[in-house]
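The values are calculated or read from the model by the stated rules, or taken from the named source; none is laboratory data. Just so it is clear, the model here is predicted, and its values are computed rather than measured. Every residue, glycine among them, receives a Cβ derived from its backbone with ideal geometry; neighbour counts consider all protein chains shown.
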Amino acid sequence: MILELKDVHSYYDKSHILNGVSLSVAQGTSVCLLGRNGVGKSTTMKTIMGMLNPGEHCRTEGSLLFEGKELAGLKSHAVARLGIAYVPQGRHIFPTLTTEENLRVASREGVDGSSKWNLASVYEFFPRLEERKDSKGDKLSGGEKQMLAVARGLMQNPRMMLLDEITEGLAPLIVDQLAVMVQNLIAQGVTILIAEQNVKFAMKVSSDCYILERGVIVHHQATNELSAETRKQYLGL
């Protein structure tokens, strides 16, 4: 397993958000974390990335192993340096930089010295971004911003990507395009953990899913075996 969470608890001040979360992601697969809004999906991502700052009265307990290395206690930049790229909810691209400047600022070699993902390969994968390379970030459409956010993560040549609610606020046609994009990334060997409310999207792009409810994993199953009854019980669908 490339990533293993074992009995992870996360707190914001006195609020206990994650309560004993355990999950695993195998190399070269796509795993989805499903659940209604506010159940702890984004907190799980931030916990992995070391973003729960003790100085802000946050803390994490439990074990988070990435390629056998313990992430608990590491700062975000140290986690990123190990090879994890985080695409946060809300995209957070630089609005006053051009598309290409947004990509260049994230560019670096992988932990193994690889540079598979560079401007040329990213533009080949996202031809729309090349068309918009001179446009400022705040002039891009919602779909283009999301493509840029994912592309910026790829420019880090990561061992693994965390995609947090990347379909949020996007039209169904754009969501379908993102599904194809994620499927293509998986086919190229990129390991992905996705936090999503969009179950239809998640079922297209993941092989395995965990369902969160109030900070607890309440169900784990192969995505293609997820029944309508289970979706209704835990996700209200």
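Of the helices (runs of 4 or more DSSP H) that lie entirely inside the range 141-230, those containing 2 or more residues that are within 17 Å of Val122 (Cβ to Cβ) span 142-154, 172-187.
Of all the listed residues (Leu193, Leu235, Leu226, Leu212), the sole one being at pLDDT below 90 and closer than 21 Å to Asn19 by Cα is Leu235. For the range 200-217, residues that are surrounded by 19 or more Cβ atoms within 10 Å (Cβ to Cβ), within 17 Å of Gln233 (Cβ to Cβ) and over 15 Å from the mean Cα position of the chain (by Cα) total 3. Note on the range 1-115: enclosed helices (runs of 4 or more DSSP H) holding 2 or more residues that are out of contact with any strand residue (DSSP E or B) (no Cβ under 8 Å at 6 or more places or on another chain) are 76-81, 99-106.
Here Lys46 passes the criteria (1) buried (at least 20 other Cβ atoms within 10 Å of the Cβ); (2) charged (D, E, K, R); (3) in contact with an Asp or Glu (Cβ under 8 Å, 6 or more places away or on another chain) except the one numbered (3). Candidates Lys41, Lys75: the one that is among the basic types (Lys, Arg), out of contact with any Ser or Thr (no Cβ under 9 Å at 6 or more places or on another chain) and exposed (fewer than 13 other Cβ atoms within 10 Å of the Cβ) is Lys75. Here Glu165, Glu144 are screened, and the one residue that is more than 30 Å from Phe66 (Cα to Cα) and crowded, with 17+ Cβ neighbours inside 10 Å is Glu144. Looking only at residues in the range 21-50 that are under 15 Å from the mean Cα position of the chain (by Cα) and among the basic types (Lys, Arg), the one that is nearest to Arg214 (Cα to Cα) is Lys41.
Before we move on, is Arg152 farther than 22 Å from Gly40 by Cα, of a type in the set (D, E, K, R), crowded, with 18+ Cβ neighbours inside 10 Å and touching a residue at least 40 places away in the same chain (Cβ under 8 Å)? So Arg152 passes the test. When Asp164, Asp138, Asp176 are checked against the criterion of being under 18 Å from Leu3 (Cα atoms) and among the acidic types (Asp, Glu), Asp164 stands alone in meeting it. Taken over the range 20-33, the criterion of being in contact (Cβ under 8 Å) with a residue 24 or more places away in the chain, polar (S, T, N, Q) and either under 14 Å from Ile48 (Cα atoms) or surrounded by fewer than 16 Cβ atoms within 10 Å (Cβ to Cβ) (or both) is satisfied by Ser22, Gln27.
Screening Tyr123 with (1) under 20 Å from the mean Cα position of the chain (by Cα); (2) more than 18 Å from His92 (Cβ to Cβ) gives one miss only, at (1).
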